[in-house]
Amino acid sequence: MAEPVLAVRNLVKRFGGLVATDDLTLEVRPGELHALIGPNGAGKTTAIGQICGEIAPDSGSIRFDGADITGLSFAQRVRRGLSRTFQIVQLLDDDTALENVSLAVQAAEGHSFRFWRNARLDRRLTDRARALLAQVGLPEERARVRASDLSHGERKQLELAIALAPGPKLLLLDEPMAGLGAAESLRMTEVLRALKGRIPMLLVEHDMDAVFALADRVSVLVYGRCIASGLPEAIRADPAVREAYLTEEDGH
Amino acid sequence: MALLLEQLLNGVQLGVTLFLLAAGLTLVFGIMGVINLAHGSLYMIGAFAAAWVAAQTGSVLLALLGGLAAAAVVGMAIEFVVLRRLYARDHLDQVLATFGLILFFNQGMVILFGRQPLFVALPEFLSGAVEVLPGVPYPVYRLLIIACGLLVALGLWLLIQRTRIGMLVRAGATHREMVRALGVDIRLLYTLVFGLGALLAGFAGIMAGPVYSVNVGMGEQILILTFVVVVIGGVGSIRGAMYGALLVGIVDTLLRAYVPGLLRGVMDASQADMLGAGLASMGVYLLMALVLLLKPRGLFPAHA
Amino acid sequence: MRERIVLAALLAAAVALPWIAEALGTPATVGVATRIAIYAIAAASLNLILGYGGLVSFGHAAYFGLGGYTVGILWEHFRLNEPFLGIIPGTAELLVTFPAAILVGGLAAAAIGALSLRTSGVQFIMITLAFAQMVYFLFVSLAVYGGDDGLMIRRPNAFLGLNLRDPATMYWLSLAVLVFWLWLMGRVVRSRFGRVLEGVRQSERRMAAIGISTYPYKLAAFAIAGAACAAAGALWANYARFVSPDMMHWTKSGELMIMVILGGLGTLLGPVLGAAALVGLEYTLSGITEHWQFVLGPILVAIVLFARKGLMSLFGRWGPGNG
């Protein structure tokens, strides 16, 4: 079998006495959409944080695209092709949608120590940015709207377009459906379906309909530990997974 | 050897003074997220008020109470009128507004007391010296400052470690949002913490008055040094403030005591004194740069 | 188009100011206008990092002073006819001292920035202030260059045969440098570099997420700002024919920040308006009372509390957010 795009090995992260990530091992294979699910507080966001480099693990290693990236910064990992979206959207709120994507395109083109030409009038940047906005389904007439004035669903779309700008080799999607209405959620599912197969994805999501509609494989995280990993049907039938979710329901 | 001991004690004395200021500054920042440049003004106001009361009444006790009261009242007025509106603003706004306050207070002191520094005479029973070691006399008053500073530090430690308010303060310094979410009367906590910081700053100013001189601008001189302490110790950390203050106090004092002497070996005396004083003033900033190179968040970062 | 016409009219009025002042019989205005122009350069340089980059540097006056002292020290060695540090000959040629000041300011800012930018937030504010204070103490202690008392520069620098002692000539030179710097800034903030800087102000996290390590960009901006501020300092040394540690006093750093805020953060012409407003305010208040800071302080507090957007917001189109 081909080498996995992303291989997380024995990752551990403690916050004081709390073990947020407990010996986590996880693989994303070429071309697959891999869903990471688990009850609230299972440590999914902490795991994503370590994979993208915002949180330093206490031990364990992360290999990406054939190289060990455990010691690299967030930005360095992005430049190697590991792109992510955030559960709580992170945008440049004073800038328009188009400017947000253009800047990401600019960043992907190499260093920005260019002081002279007007970046907003640079067709190389804006043309590609428009194409990306179209790809995620954000209408042309919304491109000139300030990011802070976009609807929640549009902001999620915009963030996906930004994440696609570098032409990533892996997409980390942290709850792309969170807070979306039914129709928006369906639209996002379609956008992701269209990307599927072309870009490997690690999807953290609570919306089980979306997960089982999209995922090639599913891993289940409980208390920072991966308790099951496999095909969606197998995960659905797994007694350990059922128990984990059931006890969560009881806890409420 | 005797000189070294004397200078070390001087360093500790400056250190505890800095600690009194740094503790308030770092708590106010840690809990309310406010950077308050006017903290130095409270130090100055405490010093001026105490000097004035002392000159009017000749009573040490009244001077102490007057200085503390002035610092506390002005501190609470600042909190109520200005800072309260700045908690949610960014640091830039806080810096500018409190910069405006400094201009106001400094000029206010000039109007009230003039530009000439005030000198505060010590009462008889505090003006002598005792032998800390055989053959090493040291001023009683400076020893008193050290003792008071350490006592306040101990009291602060007990307050923070052993009381409910202290628990909230600790929690507030590391998990500001959580304390807010707990439904604690944040407003009251803020006022208490700010009042405490103002008292400590005023107390430091009162004690410093007889050692240095009481003049307009004394607040900023020590405020900037306090920033160095806070940065070295780690913003928001009381423990860091204590170690940082002692470190800065001792290093600054020793450099001032010894650098000019060393320079006299290579140049004429008056030049050596001037350059030495300047280089000694730079010393603590270089120390800060060094700490930053090794630990960008200070020696005892509060938000680990 | 209308913008350009307004700008051209403003520029024409600024150029004509010395003649207008003469016609109105208020020659002192030229000196005030020169001060405004020089401070506007310094404030605009701070605006690059503060307004566009969101870096709250509280030690910007250090570079103003370093620029001034570059001119002063080179003059002093020219006067005494002995080289600086035994190797660099003194000079009174603006064509040498001016670039030298820019270089000194840029290098100092690069060194200070390299350390300071390892921190952020409130630490950054405190550290930039502390480093500026360090430079301040250095010059206080340099007895050879006058220490606390500063350094007189008996003659302004020679520059292409112009007489910089003439107030109008000095004013036009300052105005020319200001216009050039604003034009340059206008290009830089719209360039790719400027876009990164604006991104840094809005969200460091977003910048990392698109693969930009922000440190080198912030450092470059910091150095450029320091260099430009030193240029302003060099002009000041020629205007006042005097430099002293007061040029880099921390209150001067505070004043520069106030000019930027007063005019409008992250706007091209804001710092000019801010400089004019503050210099004007000081000029007016100090004419009324010796204790003008007693009045200025509360005014500043009120501005921060109630009029945060700055004067440029009065001019809708060029106001914040439309820059």
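Please give the FRET efficiency for B:I165 paired with B:R84, using the beta carbon to beta carbon distance and R0 = 25 Å, rounded to the nearest 0.05.
Computed FRET efficiency for B:I165 and B:R84: 0.80.
Below 8 Å, C-alpha to C-alpha, sequence gap of six or more: please give me the relative contact order for chain B in percent.
34 percent
How big is the dipole moment of the protein assembly as shown about its Cα centre under a simple scheme where the beta carbon of each Lys and Arg is +1, that of each Asp and Glu is -1, and everything else is neutral? Debye, nearest 20, please.
Charge dipole of the protein assembly as shown: 1160 debye, to the nearest 20.
Helix A:239-251 against the longest principal axis of chain A: what's the angle in degrees, Cα atoms only, rounded to the nearest 10?
That helix lies at roughly 80 degrees to the long axis.
Over the protein assembly as shown, what lengths in whole Å, largest first, do the semi-axes of the equivalent ellipsoid take, defined as the square roots of 5 times the eigenvalues of the alpha-carbon gyration tensor?
Whole-Å semi-axes of the equivalent ellipsoid: 51, 38, 25.
Can you find, among C:I288, C:L268, C:Y136, the residue farthest towards the positive end of the dipole of the range C:2-314? Put +1 on the C-beta of Lys and Arg, -1 on that of Asp and Glu.
Of the candidates, C:L268 comes out farthest on the positive side.
Ordering C:R154, B:R89 from largest to smallest accessible area (1.4 angstrom probe), what's the sequence?
From most accessible down to least: C:R154, B:R89.
Which residues of the range C:241-257 show a drop of at least 10 Å² in accessible area when all protein chains are present, compared with their chain alone (probe radius 1.4 Å, heavy atoms only, ligands and nucleic acids excluded)?
At a threshold of 10 Å² (probe 1.4 Å), the residues of the range C:241-257 that become less exposed are C:W250, C:T251, C:G254, C:M257.
Let me know the shape class of chain B, please: from the alpha-carbon gyration tensor, a ≥ b ≥ c as square roots of the eigenvalues, rounded when a/c is under 1.5, otherwise prolate if a/b is greater than b/c, or oblate.
Prolate is the answer for chain B, as a/c is 1.5 or above and a/b outweighs b/c.
In terms of modelled amide H atoms, which long-range or inter-chain residues lie less than 5 Å from the amide H of A:A228?
A:V220
Which lysines does A:K196 reach when only Cα atoms under 17 Å apart count, and residues fewer than 8 places away in its own chain are ignored?
A:K169
Classify chain A: rounded, prolate or oblate, from the alpha-carbon gyration tensor (a ≥ b ≥ c, eigenvalue square roots; a/c under 1.5 rounded; otherwise prolate if a/b is larger than b/c)?
prolate
Helix B:2-32 versus the longest principal axis of chain B: what is the Cα-based angle in degrees, 0 to 90, to the nearest 10?
10 degrees
Sequence-distant or interchain residues sharing an amide H contact under 5 Å with A:M201, placed H: which?
Those qualifying (amide H under 5 Å, at least 5 residues apart or on another chain) are A:E32, A:L33, A:H34, A:L171.
Please report the net charge: other residues with Cβ closer than 12 Å to the Cβ of A:A7, K and R +1, D and E -1.
Summing Lys/Arg as +1 and Asp/Glu as -1 gives -1.
At R0 = 25 Å, how high is the FRET efficiency between A:E109 and C:S213 if r is their beta carbon distance? Nearest 0.05 is fine.
So the FRET efficiency works out to roughly 0.95.
Based on the alpha-carbon set only, what is the convex hull volume of chain C divided per residue, in Å³?
149 Å³
About its Cα centre, how strong a charge dipole does chain A have in debye, to the nearest 20, once Lys and Arg get +1 and Asp and Glu get -1 at the Cβ?
1060 debye
Report the one residue of B:V120, C:L46, A:L98 whose Cα lies farthest in the direction of the positive end of the charge dipole of the protein assembly as shown (charges on C-beta: Lys and Arg +1, Asp and Glu -1; origin at the Cα centre).
So the residue we want is A:L98.
Per residue of the range A:186-196, in order, report the coupling 6.51 cos²θ - 1.76 cosθ + 1.60 (Karplus, θ = phi - 60°) as ³J(HN,Hα) in whole Hz, putting x for Gly and Pro.
3J(HN,Hα) across the range A:186-196, in whole Hz: 5, 4, 4, 4, 5, 4, 5, 4, 5, 7, 4.
Just need the relative contact order of the range C:2-314 here, percent rounded to a whole number, with Cα pairs under 8 Å and 6+ apart.
So the answer I get is 33 percent.
Say R0 is 22 Å: what FRET efficiency, to the nearest 0.05, do A:S151 and A:Y245 get from their beta-carbon distance?
E(calc), rounded to 0.05, equals 0.10.
For the residue pair C:E22 and A:A234, what label-to-label distance in nm results when each label sits 7 Å from Cα along the Cα-to-beta-carbon direction?
Label-label distance for C:E22 and A:A234, simple model: 9.2 nm.
HN-Hα J couplings of the range C:164-169 from phi, Karplus 6.51/-1.76/1.60, θ = phi - 60°, integer Hz, Gly and Pro as x?
For the range C:164-169, the Karplus-derived couplings read 6, 6, 6, x, 5, 5 Hz, x marking Gly and Pro.
Projected onto the charge dipole of chain A (+1 at Lys/Arg Cβ, -1 at Asp/Glu Cβ, origin at the Cα centre), which of A:T46, A:P168, A:P57 gives the Cα projection farthest towards the positive end?
A:P168
With an 8 Å cut-off on Cα pairs and a minimum separation of 6 or more residues, tell me the relative contact order of chain A in percent.
Relative contact order, chain A: 28 percent.
Amide H neighbours of A:G38 under 5 Å, counting only residues 5+ apart in sequence or on other chains, H built in-plane at 1.01 Å?
A:L221
About the Cα centre of chain C, how large is the charge dipole given +1 on each Lys and Arg Cβ and -1 on each Asp and Glu Cβ? Please answer in debye to the nearest 20.
Once rounded to the nearest 20, the dipole reads 1200 debye.
At a Cα cut-off below 13 Å, give the aspartates and glutamates reachable from C:K218, other chains included and same-chain residues fewer than 8 away excluded.
Straight-line reach from C:K218, under 13 Å: C:E198, C:E204.
Measure nothing fancy, just the Cα-based angle from helix A:123-135's long axis to the longest principal axis of chain A, in degrees from 0 to 90, nearest 10.
In chain A, helix A:123-135 runs at an angle near 40 degrees to the longest axis.
Tell me whether the range B:43-110 comes out rounded, prolate or oblate; compute the Cα gyration tensor, take square roots of the eigenvalues as a ≥ b ≥ c, and use a/c under 1.5 as the rounded threshold.
Cα axes put the range B:43-110 in the prolate bin.
In nm, to one decimal, how far is the C:K309 label point from the B:S270 one, both placed 7 Å along Cα→Cβ?
Rounded to a tenth, the inter-label distance reads 5.9 nm.
Quick one: what are the phi-derived ³J(HN,Hα) couplings along the range B:61-78, Karplus 6.51/-1.76/1.60 with θ = phi - 60°, whole Hz, x for glycine and proline?
Calculated HN-Hα couplings, in order: 5, 5, 4, 4, 5, x, x, 4, 4, 4, 4, 5, 5, 5, x, 5, 4, 4 Hz.
The values are calculated or read from the model by the stated rules, or taken from the named source; none is laboratory data. Remember, predicted model here, so these are calculated numbers, not experimental data. Don't worry about glycine lacking a Cβ; one is built from the backbone with ideal geometry, like all the others, and counts go over all protein chains shown. Surface accessibility is based on the protein's heavy atoms, side chains included, excluding ligands, DNA and RNA. Shrake-Rupley method; radii C 1.70, N 1.55, O 1.52, S 1.80 Å.
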